[in-house]
1. In debye to the nearest 20, how big a dipole does the chain give about its Cα centre with +1 on each Lys and Arg Cβ and -1 on each Asp and Glu Cβ?
2. Take 41, 369 and sort them by solvent-accessible surface of the protein heavy atoms, 1.4 Å probe, largest at the top.
3. For region 213-274, what D do you get in µm² per second when you plug the Kirkwood radius from alpha-carbon pairs into Stokes-Einstein at 20 °C and 1.002 mPa s?
4. Per DSSP H run of n ≥ 4, the term is -39500 (n - 2.57); total these for the chain, divide by its residue number, and report the mean residue ellipticity at 222 nm rounded to 500 deg cm²/dmol.
5. Sequence neighbours fewer than 8 away in the same chain don't count; with that in mind, list the lysines whose C-alpha is under 26 Å from residue 244.
6. Note down the magnitude of the dipole of region 175-321 about its Cα centre, charges +1 on Lys and Arg C-beta and -1 on Asp and Glu C-beta and zero elsewhere, to the nearest 20 debye.
7. For the chain, what's the relative contact order in percent, using C-alpha pairs closer than 8 Å and at least 6 residues apart?
8. Say the dipole of the chain comes from +1 at the beta carbon of Lys and Arg and -1 at that of Asp and Glu; which of 127, 72, 94 then lies farthest toward its positive end?
Amino acid sequence: MHTDVLIVGAGPTGLALGIDLARRGVDALVVEKAGKLFPGSRGKGIQPRTMEVFDDLGVLDAIHAAGGSYPVGMVWQDGKQVGEHQMFDPAEATEDSPYNAPWMVPQWRTQQILAARLTELGGEVAFGRELTGLTQDEEGVTARFADGEDIRARYLVAADGGRSAVRRALGIGMTGETVDPQPMLVADVRLTGLDRDYWHVFPPSGEGDGFLAICPLAGTEDFQVAAQFPADTAVDVSPDGVRKVVAARSHLDPSDVTEVRWASDFRPRMALADRFRSGRVFLAGDAAHIHSPAGGQGLNTSVQDAYNLGWKLGAVLRGGASATLLATYEEERRPVAADMLGLSASVHRGETRRGDATRQLGLGYRDSSLTRETRATATGVRAGDRAPDGLLGGTRLFDAFRGPHWTLVAVGTEAPAELPDSVQVVQGEAQTSYGTGLFLVRPDGYVGWAGETPGGLKEYVTTVGLL
């Protein structure tokens with residue numbers, strides 16, 4: 001079997017990449033070791049920047065319909081409510097940032113939505129395909145599977161999680177540390193005795209106990225249970241084990257937990273792959289970086305890996321761009337992942353509140369080799385920055401950006417008459433966020449080139465394969 005891109009892993013990373021490639025007409029196949037999509041809620045927070053990505057990928061309406069906003073925390077002690085706890089610093093939606101707060105959707109539901117969108121675009125997921133090894137040469141990659149059927153691809157992307165079989169096969173190491181030696185239980189349950197208006201928090205009540213948190217999962221009848229244990233504890237993830245810890249640390253009885261739908265344990269840690277690429281193989285998502293769940297950065301950073309890599313693979317495979325463009329994936333994403341790992345650890349340790357930094361709207365690529373800022377004095381948005389939303393000449397910018405194309409934003413400056421067909425133009429006399437000038441917005445929503453005049457623009461678009 002042959003394909004342009006083989007994506008190993010049908011989590012949010014692999015599915016998002018599959019969607020992006022499918023809409024670009026790239027032949028891609030997603031393979032998954034398990035027999036079905038992941039069943040748990042693990043990564044439940046969709047950050048504002050990822051909401052913007054989902055807007056572009058065509059799944060935002062479904063994500064909005066499937067989830068809800070995060071509830072306020074309610075602290076309990078001795079069976080009584082003792083006070084509210086604000087889990088996030090508030091933020092107002094603005095014209096340039098219409099999504100102002102994280103949106104809660106259980107991971108299993110996010111994956112269902114992404115898989116449905118992939119199918120809609122003609123893509124597919126092949127389940128029950130366990131990768132056992134791979135070889136590569138100058139022309140492509142051959143992946144071997146337990147069922148005996150090899151797949152040949154021009155490129156392979158490892159999106160197969162923190163225990164990535166692809167990463168191990170490549171011999172790429174990970175550098176990291178344990179964020180917290182105390183293990184965690186996380187479970188999806190049905191229960192009675194608690195309302196769905198709050199994220200219920202039960203602080204440690206005695207020596208050696210850890211906290212218990214029970215969060216209603218928006219859009220479902222489930223609650224997510226999270227419990228911390230002393231170091232070296234063997235966490236019991238059986239239904240009786242989950243019921244026992246809920247009853248021991250709250251006013252609920254074991255029988256109040258009417259169903260345990262999924263349960264797992266983990267040790268919070270952070271780790272970064274030494275490389276994000278080996279030849280024709282790329283690492284993305286948890287295969288490249290492992291986060292503490294605090295702050296909700298892991299799933300979001302992972303989806304944005306896919307968003308960065310997708311347009312570059314599409315440009316090389318379908319747009320005629322040089323394969324050297326693919327070198328910018330690691331250049332751009334590894335520093336971002338390193339920063340987000342530090343942020344996750346800081347939130348986990350209580351050193352940073354969930355707020356502006358965790359929304360990921362300030363991330364960018366100003367230092368990238370793909371970034372060209374040609375203005376002598378840059379005001380407002382600079383090359384490398386996220387391209388904000390807003391109105392220009394009666395057009396909403398996010399509407400103009402939506403799709404696999406590039407966009408030239410011309411503010412108070414005449415756009416050049418001759419541009420590649422793959423570049424759409426939006427122009428007007430004034431735009432608060434952008435200032436004045438020409439801004440060439442990449443398919444992933446970042447400004448690649450900015451100038452006062454078109455001088456240098458043609459050279460840039462040639463570099464990135466648009467001419």
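The values are calculated or read from the model by the stated rules, or taken from the named source; none is laboratory data. Keep in mind it's a predicted model, so treat the numbers as computed, not measured. Heads up, the Cβs are rebuilt from the backbone with ideal geometry, glycines too, and the neighbour counts pull from every protein chain shown. Areas reflect the complete protein model, heavy atoms only, side chains present, ligands, DNA and RNA absent. Shrake-Rupley method; radii C 1.70, N 1.55, O 1.52, S 1.80 Å.
1. So the magnitude is around 580 debye.
2. The ordering from most to least exposed comes out as 369, 41.
3. My calculation gives 162 µm²/s for D.
4. When only DSSP H runs of four or more count, the value is -7500 deg cm²/dmol.
5. Of all the lysines, those that pass the test against residue 244 - Cα under 26 Å, at least 8 places apart if same chain - are 44, 80.
6. It works out to roughly 960 debye.
7. The normalised contact order for the chain reaches 16 percent.
8. 127
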